[in-house]
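One structure is given here, and the rest of the page talks about it.
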Amino acid sequence: MLIACGSNGGQDPDAGDVLDDGIEGFSNPFTVDIEGSGSIRAGEIVLERGAGHINLGTSAVPSIAYEMTDWSTWGYTLFHVLSPQADTLNVEYLYCEGDELTWVWHESYALAMDFESSSGSCSYADRETAVPDPGLAALSARPSASQLVEGFVLDGIQLSYDSTGPGTISLDGRDHDLYPFEVVDCTVDCTTEPADGWWELHSIMATSSGRLCFGILYLMVADTTTVQLGYPVCLDPLERIDEIFIDADWSVDPTGGGGSAPDGPIPPGLDHVLRPLPPSLRIL
C-alpha cells in the first residue's frame, strides 16, 4: 500500500469508503485529498476523496480524479483529473512528490498541454473509495475542425483518421466519432526504453447519442500497425472503459502538424519527462 499524508491530515484507512452522495456506480481504487494551487493556468485546487474543484480563470470548475499513476521510483505519484465545462474538456495531471503538490499539467481543446509549478499538500492511499459527486458540468461541445491534430493518418477497420475532419473508432461494438485535439511527441526525452518512444493523440470520442469520452491514443514508433487506447473514461454517466489495442496502420508527417515534446518536471539524474505510460509499458 502506498500512503502519503500531507498537511491536510491523514485518513483512517477504514473510513469513508461509502458515501450517500457519491457518484452512482463509480468508485476509485484509491483515495486522494489535495489542497493547493497552481501558478499560471490553475488557481485553487481542492480535491477531497478525489472530487472537488480546480480554479481555471475566474471559474471554480468541478473536477474529479479518475486515475492514479505510481511514479514512486522517481518520487512522484500522478493523478489524472477531469474538469469538464460546457464548451471544453480540461484535463489536469497533478504531481504529488510525497506529501507535497509540486507540478500541474493542463490541456483543453484550445490550450496545448503545458506545465506549471504548484504548491500544496497531498494525502492518498490505495483503497477502494466511493467518490463524492462534485457536480461535474455537462460537456456538450466537441473539438472544432481548427482544433484537430494534423499530420497523422490512422487506417484500420476499427479506427480511422486522416486529419481532414473527425475520424471514427469502435468501442464496445459501438462506433464513435474521433476528435484528436492534442498531440504529444514522446519520440525523444520521455523515456529511455523504448529508445524510439511514441506519439500521443489526446482525443474526444463521441457516440451518435452525444455521449463524450476521453482517452489517449498511443502510437509506438516501433509498431506502426497497432494503436493503443489508454486511460479511457466516459462522461454523463461517468464510467471507465477498457483499454484496448487496435489493429490499424498509422503514419505521421511531423511537418504537417506533429507536436513537439513538452518540457516538464525531470527528476535529478534522469533523462526523461514523467508522462502517463502507454498500456504496453505499464506494470499492471
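Please treat every number below as a calculation from the coordinates, not as lab data. In this text, all values refer to a predicted model and were calculated from it rather than measured experimentally. Cβ atoms come from the backbone with ideal geometry, glycine included; neighbour counts cover every protein chain shown.
Inter-label distance, D242 to D70: 2.4 nm, where each label sits 7 Å from its Cα along the C-beta direction. Build a GNM of the chain with springs between Cα atoms under 10 Å apart, and of E92, E100, E128 the one that fluctuates most is E128.
Dipole orientation for the range 145-281: of the candidates C234, V188, G215, C234 has the Cα lying most toward the positive pole (charges on Cβ; Lys, Arg +1; Asp, Glu -1). Each eigenvalue of the Cα gyration tensor of the chain, multiplied by 5 and square-rooted, gives one semi-axis; in descending order these are 29, 22, 18 Å. Can you give the Kirkwood hydrodynamic radius for the range 145-281, in Å, rounded to one decimal and based on Cα pairs? Taking every pair of different Cα atoms in the range 145-281, averaging 1/r and inverting gives 15.3 Å. If R0 is taken as 22 Å, the Cβ-Cβ distance between D175 and E128 corresponds to a FRET efficiency of 0.10. Per residue, the convex hull around the alpha carbon atoms of the range 38-177 comes to 152 Å³. Fewest-first ordering of R127, R174 by other beta carbons within 10 Å of each residue's beta carbon gives R174, R127.
When you restrict to C-alpha pairs under 8 Å that are six or more residues apart and normalise by the size of the chain, the relative contact order lands at 15 percent.
Remark: the chain carries a charge dipole of roughly 340 debye about the Cα centre, counting +1 on each Lys and Arg Cβ and -1 on each Asp and Glu Cβ.
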